[in-house]
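Inspection log for the structure reproduced underneath, given as structure tokens.
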Amino acid sequence: MKFLIKPLYNLYRTVLRNSKYRWLVVLGSLIYLFSPIDLVTDVIPVVGWIDDGIVATLLVSELSQFALEQRKVRREKSADVSVS
């Protein structure tokens, strides 16, 4: 199972970091989470929720990481401006 999740995670992370496609991936992830269409149906207890959990976890962790990086860049820019 790990050999399937790792490449998917790397692809998701790479595409999410590309500013050209970032909001499409975020929108697609949100649509997937709220749509009734799933890779594994939610009728199967627990197993059906795992794919939603993986997508939600990836989305939240990558967006929070991106937000922290953007915050760091803004702080560095403001520090450079105040020093000059």
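Checked against (1) modelled with pLDDT of 80 or more; (2) within 28 Å of Glu69 (Cα to Cα), Ser35 meets all criteria but (2).
Of all the residues in the range 7-22, those that are over 13 Å from Glu62 (Cβ atoms) and either in contact with a Phe, Trp or Tyr (Cβ under 7 Å, 6 or more places away or on another chain) or at pLDDT 80 or above (or both) number 1.
Before we move on, is Val55 among the β-branched types (Val, Ile, Thr), surrounded by 10 or more Cβ atoms within 10 Å (Cβ to Cβ) and modelled with pLDDT of 80 or more? Here the answer is yes, as Val55 does meet what is asked.
The values are calculated or read from the model by the stated rules, or taken from the named source; none is laboratory data. These numbers were taken from a predicted model, which means no experiment stands behind them. Here Cβ is always computed from backbone atoms with ideal geometry, including for glycine, and neighbour counts include all displayed protein chains.
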